[in-house]
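To start, the structure under review is shown below, and the notes come after it.
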Amino acid sequence: MDTIFLCLPLFLALYIFTNHFLRKIRNLPPSPILNLPVLGHLHLIKKPLHRGLAKISDRYGPVLLLDFGSRPVLLVSSPSAAEECLHKHDIIFANRPHLMAGKYIGYNYTSLVWSSYGDHWRNLRKISSLQILSSHRLQMLQGIRVDEVKLMLKGLFSASKDGKKVDIKTVFFELMLNVMMRMIAGKRYYGENVEEVEEAKRFREIVTETMRMGGASNMGDFLPVLRWLKVGKVEKNLKALQKKRDRFMQELIKGFRSENTEIGGGAGETGEKKKTLIQVLLTLQQKEPEYYKDEIIKSLMLVLLAAGTDTSMGTMEWALSLMLNNPSTLKKAQAEIDTIIGKERLLDESDVANLPYLRCIISETLRMYPPGPLLVPHESSEECVVGGYRVPRGTMLLVNLWAIQNDSKIWEEPRKFKPERFEGVEGTRDGYKWMPFGSGRRGCPGEGLAMRMVGFGLGSVIQCFDWERIGEELVDMTEGPGLTMPKAQSLRANCRPRPGMLNRLSQ
Ligand code: HEM
């Protein structure tokens, strides 16, 4: 027994050095030498993941091959390496790895976010781009966004009259969720005018649970032994939640099958029917029932809700937090709005194009706090070369966007909030050093909607209210756990209507 214990460190050292040596011979990308059996490099990774991985890249280089348990992971953290993966090898890296999230949230890897690159993904992408997120559709549904922003301002106005501190996260969350659900199902699920109270309550519980579970780390993705032994509750909880969510969405579809409602909500009439997403997809189902099964409809509903809500809401919350900690930027944004729009009318979605400083604020927020700090994981479908190294087929790719966008070799004083750095280039992708929506085939199809909503929502609360921190202390900017980089502490602040805006708000 003693001999075994004495030999163990020796075997371990032998394993580590042989492994390291073999990797060099095979021209694989470098990696930290402490690659343990079973765990691989997992023991080196600290949370939050984007920061933990950035530290490893700082030490070992911008192109690394790590072992997350049994899964090889290519970690890139420089613009040139990102370009190689997302441009030169765009098709090779257009697959997604099979992770638990894709199984239980992505309808067994068939949803738009989680499906492999191929005809099915191309078709879903086409439907979402043409029928849901195209400029034409977004224009047609502008009335929903105008309604919802007005309701948000009304809510803030009443809260400010009562002297209440505002929970900003909830305000922006309700805004985004109501916009998305009105596009999907034609109904509000938060606040006033909720049609079916019980249904809305059930929906909110499901959304809250989905957000909580979305941030849970699934070690079973990397250590299959944990899944076989059924250790941990993550998979069980994901499964149960998927059942609940699926039942809810199936009921929504059933409701639409039996009626033919339009969604209402105002502007942009072209005579064309303003159908909800469910109606659009049910029409396609009638034409091609074999392909447009209910599963596809539900997966698209879920993707838009999950990908569209948290990301935009978080960006608005981070932006306001940054401005509260840097009040001169808030003043400058208000001055721009006063000069260009004035106080005679409320800001409109189309005004955002004429507010460059507001767009600089959004670009700078997305630089410092990108909601997809590691993008969504990609996977290589064949062997390729990145940074001069051989990357085997089936390698998971993580692009550390956060590290690139906060790298002091690329950005001057990267942790300082300086919207001015984007003057003249606000909102346009700058090579691969600023790409909060990703790039290439799997890049975000919701960018148009997101930029409209963030600009409109944020611009409106800045135009109508003066904002102050609660107390003297700076807003806590710690990042919380979760895939979309939420704030650890939700933002609470004081607001009061700006002089000259009272009439507009009380109308
Ligand atoms: C994918 C960012 C809002 C729908 C992504 C990716 C990023 C991203 C980084 C991954 C790209 C990659 O893997 O290479 C953002 C940001 C948003 C936002 C920063 C808001 C500020 C939205 C909205 C929608 C949306 C509003 C739709 C309603 C999607 C979908 C994908 C995606 C469907 C997966 C695309 C695919 O795999 O083919 N987004 N997103 N996103 N986003 Fe967004």
task = Would you check if Ile56 is assigned to a helix (DSSP H, G or I) and in contact with a helix residue (DSSP H, G or I) (Cβ under 7 Å, 6 or more places away or on another chain)?
result = yes
Within region 70-97, tally of residues that are more than 14 Å from the ligand (Cβ to nearest atom), modelled with pLDDT of 95 or more and more than 15 Å from Tyr389 (Cβ to Cβ) = 2
inquiry  = Can you pull out every residue in region 384-405 that is over 23 Å from Ala307 (Cβ atoms), part of a loop (DSSP other than H, G, I, E, B) and in contact with a helix residue (DSSP H, G or I) (Cβ under 7 Å, 6 or more places away or on another chain)?
reply    = Gly387
ask   = helices (runs of 4 or more DSSP H) wholly in region 270-377 with at least 1 residues that are aromatic (Phe, Trp, Tyr) - which ones?
value = 294-325, 356-368
Subset of region 401-417 (residues that are within 15 Å of the ligand (Cβ to nearest atom) and of a type in the set (Gly, Ala, Ser)) = Ala403
query = Quick one: would you say Gly471 is out of contact with any helix residue (DSSP H, G or I) (no Cβ under 6 Å at 6 or more places or on another chain), surrounded by fewer than 20 Cβ atoms within 10 Å (Cβ to Cβ), of a type outside the set (A, V, I, L, M, F, W, C) and at positive phi?
reply = yes
note = Checked Met152, Met183, Met176 against criteria (open to solvent by less than 60 Å² (accessible area, probe 1.4 Å), within 13 Å of the ligand (Cβ to nearest atom), modelled with pLDDT of 90 or more and touching a Leu at 6+ places or on another chain (Cβ under 7 Å)); the one match is Met183
request  = Tell me which residues, restricted to region 350-400, are among the hydroxyl-bearing types (Ser, Thr, Tyr) and within 16 Å of the ligand (Cβ to nearest atom).
outcome  = Ser363, Thr365, Tyr369, Ser380, Ser381, Thr395
query = For region 418-447, which residues satisfy the criterion of being in a helix (DSSP H, G or I) and near the ligand (Cβ under 7 Å from one of its atoms)?
reply = Glu447
query = Name the residues in region 396-417 that are of a type in the set (D, E, K, R) and within 23 Å of the chain's Cα centre (by Cα), would you?
reply = Asp407, Arg415, Lys416
remark   = Across (1) within 15 Å of the ligand (Cβ to nearest atom); (2) modelled with pLDDT under 95, Ala200 clears everything bar (1)
remark   = From the option list Val63, Val73, single residue qualifying as within 25 Å of Glu382 (Cα to Cα), open to solvent by 10 Å² or more (accessible area, probe 1.4 Å), hydrophobic (A, V, I, L, M, F, W, C) and in contact (Cβ under 8 Å) with a residue 60 or more places away in the chain is Val63
inquiry  = Tell me the residue from Leu330, Leu347, Leu300 that is within 16 Å of the ligand (Cβ to nearest atom) and modelled with pLDDT of 90 or more, please.
reply    = Leu300
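The rows are residues; the columns are (1) among the charged types (D, E, K, R); (2) over 23 Å from Val113 (Cβ atoms); (3) touching a residue at least 12 places away in the same chain (Cβ under 8 Å); (4) open to solvent by less than 30 Å² (accessible area, probe 1.4 Å).
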residue	(1), (2), (3), (4)
Asn354	no, yes, yes, no
Cys360	no, yes, yes, yes
Glu383	yes, yes, no, no
Val386	no, yes, yes, yes
Arg390	yes, yes, yes, no
Thr395	no, no, yes, yes
Phe417	no, yes, yes, yes
key: Failed item, numbered, when Asn503 is tested on (1) open to solvent by 60 Å² or more (accessible area, probe 1.4 Å); (2) part of a loop (DSSP other than H, G, I, E, B); (3) polar (S, T, N, Q)   = (2)
request  = Filter region 101-115 down to the residues that are touching a residue at least 60 places away in the same chain (Cβ under 8 Å) and polar (S, T, N, Q), then identify the one that is nearest to Val376 (Cα to Cα).
outcome  = Ser111
key: Test result for Ala306, under 27 Å from the mean Cα position of the chain (by Cα) and at pLDDT below 90   = yes
query = Where residues in region 484-493 are open to solvent by 50 Å² or more (accessible area, probe 1.4 Å) and either of a type in the set (S, T, N, Q) or touching a helix residue (DSSP H, G or I) at 6+ places or on another chain (Cβ under 6 Å) (or both), which of them is nearest to Met152 (Cα to Cα)?
reply = Ser490
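The values are calculated or read from the model by the stated rules, or taken from the named source; none is laboratory data. Model, not experiment: these values are computed from the prediction. Cβ sites come from the backbone with ideal geometry, for glycine too, and all protein chains shown count toward neighbours. Just the protein is used for accessible areas: all its heavy atoms, side chains included, with ligands, DNA and RNA removed. Shrake-Rupley method; radii C 1.70, N 1.55, O 1.52, S 1.80 Å.
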